[in-house]
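A quick write-up on the structure given underneath.
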Amino acid sequence: MTADTRPTAAAPADLMVELTGIHKEFGHGHGAVHVLRGVDLTVPRGSVTVILGPSGSGKSTLLRCINELEDITAGSVVVDGERMGYRLDDKGVLHRLHPKVIARQRRRIGMVFQRFHLFPHLTAAENVMEAPLRVRGLSKDDARAQAEELLHRVGLSDRAGHYPAQLSGGQQQRVAIARALAMDPELMLFDEPTSALDPELVGEVLAVMKDLAKSGMTMIVVTHEIGFAREVADDVVFMDQGVVVEQGPPSAVLDAPRERRTRDFLAHVL
Amino acid sequence: MSDPIPNRIHARGVPRPGRWVGAVVVVVIAAMAIHGLVTNETFRWDTVWLYLRDIVVIRAIGWTLILTVGSMALAVVMAVVLAIMRRSDNPVLRGVSWFYIWFFRGTPVYVQLVFWGLISVLYPRLSIGIPFGPEFFAFTTKDVITAFWAALLGLAFNEAAYLAEIVRAGLTSVDPGQAEAAKALGMKDATILRRIVLPQAMRVIVPPTGNETISMLKTTSLVTAVPFTLDLFYATNAIGNRLYQTVPLLVIASIWYLVITSILMVGQSYLEKYYGRGFGTESSARRRRGGPGGRPSRQAAIAAAGTTTDDPFIEVTP
Ligand SMILES: Nc1ncnc2c1ncn2[C@@H]1O[C@H](COP(=O)(O)OP(=O)(O)OP(=O)(O)O)[C@@H](O)[C@H]1O
Ligand SMILES: [Mg+2]
């Protein structure tokens with residue numbers, strides 16, 4: 001639990017993500033909702049961070065701020081030493097980056113959604129190939145070879161030609177993971193990847209995620225699978241009402257929580 | 001040959017006399033109508049048969065098809081642009097699109113066609129240049145916008161207003177999560193629109209656009225307002241007037257419009273099938289797994305409701 005919150009653009013080499021003083025407000029004026037209220041978080045390269053917290057605590061919003069799906073109201077997001085969304089010039093003036101540059105920044109970050117969001121008009125293989133073809137500019141043959149390899153990795157070699165509607169929820173989520181991996185990301189974000197699944201399908205998705213963690217991928221996972229957190233996480237972060245309440249190794253946060261709110265929450269989930 | 005199911009039910013159906021009565025009544029009425037059509041002297045079926053494949057008529061069909069396809073093609077392109085403008089962040093683009101749709105939907109296409117016919121009178125010279133400033137390029141209107149182009153542009157401009165609303169509805173129908181997933185993969189907005197959103201919107205766009213095409217086929221009969229005189233309706237009318245036999249030529253026009261409509265309907269059903277891929281009910285894999293067959297639909301219902309899924313306890317609640 002290093003609290004390295006220096007607002008520098010050059011992160012120490014071992015940090016993949018460095019969040020400093022993140023605030024997020026939706027809307028303006030009287031109708032504004034203050035969702036994130038100053039979040040500081042660092043994620044070392046190659047580590048797995050699990051984020052827990054009650055509904056509405058801002059877990060999804062935080063993930064979406066990391067890859068610029070939402071722009072933050074205050075603070076800074078630094079991924080792999082590069083500040084997301086903004087550039088600070090020599091005179092200390094902050095500039096918004098061009099959407100094309102932001103799109104390029106996102107390529108290093110894979111994201112897996114609760115409801116999969118596979119492209120329904122494309123087959124499993126085409127879903128995986130789409131971004132490499134259109135974004136990385138891979139040749140069709142290379143993209144296909146890569147898709148085959150990735151689908152094999154998530155155990156779906158025999159489903160390459162199926163449309164998402166022809167796959168079970170667990171299979172769809174595994175294709176979604178393969179799709180994100182096809183961009184060769186350095187960081188993977190998972191937003192409740194198993195919450196929309198039937199209980200018997202949860203295991204197959206978690207197994208793929210465990211493999212990924214073992215391969216050294218840096219991962220930030222919002223989940224309520226306490227077993228997964230205990231087994232895989234290096235760090236567990238408990239959030240409530242837009243702030244990090246407690247953070248530490250699973251043995252500390254899950255088994256001996258210091259904060260009352262964490263204990264109450266865990267009592268509900270376990 | 002032993003039946004694995006014992007005591008299979010063999011029961012008589014429920015008597016449905018009403019069905020038979022209804023069917024007989026409808027068939028009799030239809031027969032009367034056909035009889036009246038075929039035996040009525042004023043239809044002059046001999047004339048109909050004689051002129052059905054007349055070279056003038058066939059050529060007119062060609063012009064009608066060119067007008068239909070040409071104006072629809074142009075209208076589709078304009079409509080996509082208008083719909084994208086309508087959804088843009090730029091208030092000027094939004095306003096212009098709104099005004100265009102308001103204007104071209106709000107005036108009769110016949111009147112619009114008359115104006116297109118008058119364009120060379122209203123604007124004898126067209127030029128490209130800076131407003132109130134220098135001209136770069138100018139031409140005489142009547143040399144460029146002939147009656148054919150006036151008709152085609154008139155139809156297309158009017159149609160684009162209707163199609164723009166259809167396209168907009170299609171774009172709106174696509175789950176925002178799709179664009180978001182594409183964004184997270186690092187795609188640019190233009191790529192997302194072209195590769196992810198539009199193909200899915202097509203499923204919603206194609207059926208009403210098929211209707212519009214069929215409707216356009218018949219709207220081409222109004223180009224006489226320009227006046228453009230080579231289309232099917234004008235041509236058959238002209239022959240009818242020359243022969244003093246208006247009715248049989250109207251029958252010919254109707255027959256050909258019906259034939260073309262039927263062909264367009266076949267094309268439409270192919271397009272619908274193509275853009276419906278991946279959305280079909282043929283999710284065989286899901287049904288074949290039997291056992292927890294009810295589950296996926298329950299999942300879908302939960303996801304669709306969009307309210308309960310955000311409950312963090314949903315998967316741990318026994
Ligand atoms: N686009 C938005 N506009 C306004 N409010 C929003 C928006 N997105 C999220 N919120 C609000 O922000 C708060 C946090 O939402 P968020 O989705 O981040 O919570 P969460 O911790 O992921 O919850 P859950 O476990 O239910 O997914 C909620 O109160 C939500 O209503
Ligand atoms: Mg959430």
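Some values worked out for this structure:
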{"read-out": "Yes/no for A:Glu225 being on the phi > 0 side of the Ramachandran plot, within 17 Å of the chain's Cα centre (by Cα) and within 16 Å of ligand 2 (Cβ to nearest atom)", "value": "no"}
{"read-out": "Criterion: surrounded by 15 or more Cβ atoms within 10 Å (Cβ to Cβ) and more than 16 Å from ligand 1 (Cβ to nearest atom) - qualifying residue of A:Ser47, A:Ser57", "value": "A:Ser47"}
{"read-out": "The stretch A:186-238 - residue that is closer than 24 Å to A:Leu15 by Cβ and either among the hydroxyl-bearing types (Ser, Thr, Tyr) or in contact with a His (Cβ under 7 Å, 6 or more places away or on another chain) (or both) and, of those, nearest to the other protein chains (Cβ to nearest Cβ)", "value": "A:Thr223"}
{"read-out": "Among (1) at pLDDT 95 or above; (2) buried (at least 22 other Cβ atoms within 10 Å of the Cβ), the one test that B:Val174 misses", "value": "(2)"}
{"read-out": "Yes/no for A:Gly38 being free of Cβ contacts under 8 Å to residues at least 60 places away in the same chain and either not in a loop (DSSP other than H, G, I, E, B) or not aromatic (Phe, Trp, Tyr) (or both)", "value": "no"}
{"read-out": "Matching entry among A:Asp234, A:Asp255, A:Asp264 (being touching a residue at least 24 places away in the same chain (Cβ under 8 Å) and not aromatic (Phe, Trp, Tyr))", "value": "A:Asp234"}
{"read-out": "Residue selected from the stretch A:117-131 under the condition more than 9 Å from chain B (Cβ to nearest Cβ) and in contact with a helix residue (DSSP H, G or I) (Cβ under 7 Å, 6 or more places away or on another chain), by the criterion surrounded by the most Cβ atoms within 10 Å (Cβ to Cβ)", "value": "A:Val128"}
{"read-out": "Subset of the stretch B:190-242 (residues that are closer than 16 Å to B:Gly267 by Cβ and either more than 14 Å from chain A (Cβ to nearest Cβ) or of a type in the set (Phe, Trp, Tyr) (or both))", "value": "B:Pro207, B:Pro208, B:Thr209, B:Gly210, B:Asn211, B:Glu212, B:Thr213, B:Ile214, B:Ser215, B:Met216, B:Leu217"}
{"read-out": "The lone exception for A:Asp184 - which of (1) more than 16 Å from ligand 2 (Cβ to nearest atom); (2) in contact with a helix residue (DSSP H, G or I) (Cβ under 6 Å, 6 or more places away or on another chain) it fails", "value": "(2)"}
{"read-out": "Residue that is nearest to the chain's Cα centre (by Cα) [pool: residues in the stretch B:172-192 that are of a type outside the set (Val, Ile, Thr) and part of a loop (DSSP other than H, G, I, E, B)]", "value": "B:Asp175"}
{"read-out": "Residues satisfying the stated conditions in the stretch A:78-90, i.e. part of a strand (DSSP E or B) and surrounded by fewer than 18 Cβ atoms within 10 Å (Cβ to Cβ)", "value": "A:Glu82, A:Tyr86, A:Arg87, A:Leu88"}
{"read-out": "The stretch A:135-171, residues that are polar (S, T, N, Q), within 13 Å of chain B (Cβ to nearest Cβ) and more than 22 Å from the chain's Cα centre (by Cα)", "value": "A:Gln166, A:Ser168"}
{"read-out": "Counted residues, the stretch A:102-119 - those being among the small types (Gly, Ala, Ser) and over 20 Å from A:Gln173 (Cβ atoms)", "value": "1"}
{"read-out": "Residues being buried (at least 18 other Cβ atoms within 10 Å of the Cβ), of a type in the set (Lys, Arg) and over 16 Å from A:Val112 (Cβ atoms) - total across the stretch A:135-176", "value": "2"}
{"read-out": "Test: residue in the stretch B:155-171 that is more than 14 Å from every other protein chain (Cβ to nearest Cβ), part of a helix (DSSP H, G or I) and without any contact (Cβ under 8 Å) to a residue 12 or more places away in the chain", "value": "no"}
{"read-out": "Members of the stretch B:35-52 found to be surrounded by 10 or more Cβ atoms within 10 Å (Cβ to Cβ) and within 15 Å of B:Ile255 (Cβ to Cβ), listed by number", "value": "B:Leu37, B:Phe43, B:Arg44, B:Trp45, B:Thr47, B:Val48, B:Trp49, B:Leu50, B:Tyr51, B:Leu52"}
{"read-out": "Candidates A:Arg45, A:Arg104, A:Arg87, A:Arg83, filtered to the one that is free of Cβ contacts under 8 Å to residues at least 12 places away in the same chain and away from chain B (no Cβ under 14 Å)", "value": "A:Arg87"}
{"read-out": "Elements of type helices (runs of 4 or more DSSP H) contained in the stretch B:3-112, each with 3 or more residues being within 25 Å of the chain's Cα centre (by Cα) and among the aliphatic types (A, V, I, L, M)", "value": "B:55-86"}
{"read-out": "A:Val78 of a type in the set (Val, Ile, Thr), under 21 Å from A:Gly38 (Cα atoms) and away from ligand 1 (no atom under 16 Å from the Cβ)", "value": "yes"}
{"read-out": "For A:Glu225: the one exception among (1) within 24 Å of A:Ser168 (Cα to Cα); (2) at pLDDT 95 or above", "value": "(2)"}
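Residues checked against (1) outside any loop (DSSP other than H, G, I, E, B); (2) surrounded by fewer than 22 Cβ atoms within 10 Å (Cβ to Cβ); (3) touching a helix residue (DSSP H, G or I) at 6+ places or on another chain (Cβ under 8 Å); (4) more than 8 Å from chain B (Cβ to nearest Cβ):
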{"position": "A:Glu70", "(1), (2), (3), (4)": "no, yes, yes, yes"}
{"position": "A:Gly92", "(1), (2), (3), (4)": "no, yes, no, yes"}
{"position": "A:His95", "(1), (2), (3), (4)": "yes, yes, no, yes"}
{"position": "A:Arg115", "(1), (2), (3), (4)": "no, no, yes, no"}
{"position": "A:Leu133", "(1), (2), (3), (4)": "yes, yes, yes, yes"}
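The values are calculated or read from the model by the stated rules, or taken from the named source; none is laboratory data. No experiment lies behind these values; they were computed from the predicted model shown. Counting neighbours? That spans all protein chains shown, and the Cβs are built from the backbone with ideal geometry, glycine included.
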